[in-house]
Amino acid sequence: FSFQKDFVNEDADRTKFLIAGNYCEEKGQTSVLKAVIELQQQGINDFELYLAGSGDFAEPKRLVLENGLEKVVTFCGLVDDMQQLRRMVDVEIVASKCEAFGRVTIEAMRMSNPVIGTNTGGTPELIMDGVNGFLFEYGNHIQLAECIGKRPLKIIVCLAVVVIIGAFLCTEVRTFAE
């Protein structure tokens, strides 16, 4: 295991968000896209959203095309090297209806990425709202848009906390594996 984060965002004016997981309604990708649409309507477009995973992305792609989001949203498909993608992004979004144990949340924190997640299932046990990420109500794209809009100052504070958590997780995983 390695603990590496590329803190140099080549396009520092644009915050990069990632939602990872197979496409299905319960994973909340559509809600994330609705939040992006909301932000665009407010004139906020200084960010990029990457969707990584497999499945039928026909509906999300339709939303992107219908709302002119092609310059903001990138569909990555199935990604072989998630660590590389995670090094490139600033914040991850977990919009699932319910995660018993948020593996994606832990993987994000391990890479020092703050997480915006739903306040359901095990996610609130991993994310302390405003400390190492932000929480929103599942399906509430307005709340999610507000969380995305809290950057960059609050995310920088969260990043410092997550770097410490990430270092601890790497140490614990390495110790457990030995």
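The values are calculated or read from the model by the stated rules, or taken from the named source; none is laboratory data. Keep in mind the model is a prediction, meaning the values are calculated, not measured. Using ideal geometry, Cβ is built from the backbone for each residue, glycine included, and neighbour counts are taken over all protein chains shown. The area values use the complete protein model at the heavy-atom level, side chains included, leaving out ligands, DNA and RNA. Shrake-Rupley method; radii C 1.70, N 1.55, O 1.52, S 1.80 Å.
Are any of the pairs LYS34/LYS97; LYS71/LYS97; LYS61/LYS150; LYS34/LYS61; LYS27/LYS150; LYS16/LYS150 more than 20 Å apart by Cα-Cα distance, and if so, which?
In this structure, LYS71/LYS97; LYS61/LYS150; LYS27/LYS150 exceed 20 Å between Cα atoms.
Multiply the residue gap between ASP80 and ASN22 by 0.36 nm, knock off their C-alpha separation, and tell me the result in nm, one decimal place.
My answer for the length gained is 19.5 nm.
Between the DSSP loop rule and a limit of at most 16 other Cβ atoms within 10 Å, which trypsin sites (Lys or Arg not before Pro) in the range 83-139 are left?
LYS97
Tally up the carbon and sulfur contribution to the accessible surface of the range 39-87 as a whole percent, 1.4 Å probe, everything protein left in place.
Carbon and sulfur together cover 46 percent of it.
Give me the three principal axis extents of the range 41-147 from the C-alpha atoms, as integers in angstrom, largest value leading.
That works out to 36, 33, 25 Å along the principal axes.
Give the accessible surface of the range 8-150 per residue, rounded to a whole number of Å², with probe radius 1.4 Å and ligands, DNA and RNA excluded.
46 Å²
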